[in-house]
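Accompanying notes for the structure given below.
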Amino acid sequence: MKIIIIFLLMMVMMMVLSISADLLIGFGFKEAIRDWVRPFHVMTVSEKVLYTLLPSIILLQPIISLYKKKKAGKE
C-alpha cells in the first residue's frame, strides 16, 4: 500500500512541477496542460505499451501479494 501511495504522490508532484514551470514561463493554464499531455502524441506504440505496462506492474504486485496472503490465511 505504501508503494502505491508513494507512486501516486510522486506522479502528482511531478505533474504540478511541470505545469507550474510552464505557468512561470508565461504560458496560460490551457497551454500548460497541453504541453504536459503533448509528449504522449509522439510516442510509438511500443513506448505507449511500456508506459502503461510498468505502472500497472508496480500497482498490481502489492495487490496480488495481498490476495495470496488472504487466500493462504483461509486455507
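The values are calculated or read from the model by the stated rules, or taken from the named source; none is laboratory data. Being a predicted model, the structure only gives us computed values, none of them experimental. Virtual Cβ from ideal backbone geometry, glycine too; neighbours counted across all protein chains shown. Ligands, DNA and RNA are stripped out before the accessible areas are found, and what is left, the full protein with its side chains, is counted by its heavy atoms. Shrake-Rupley method; radii C 1.70, N 1.55, O 1.52, S 1.80 Å.
Contact map, the range 11-22: residues that are among the aliphatic types (A, V, I, L, M) paired with residues that are open to solvent by 40 Å² or more (accessible area, probe 1.4 Å) and in a helix (DSSP H, G or I), Cβ distance under 6 Å, separation 6+ or inter-chain. Pairs shown: ILE19/TRP36. Among the residues of the range 16-31, those identified as within 26 Å of LEU50 (Cβ to Cβ) and more than 18 Å from the chain's Cα centre (by Cα) are ALA21, ASP22.
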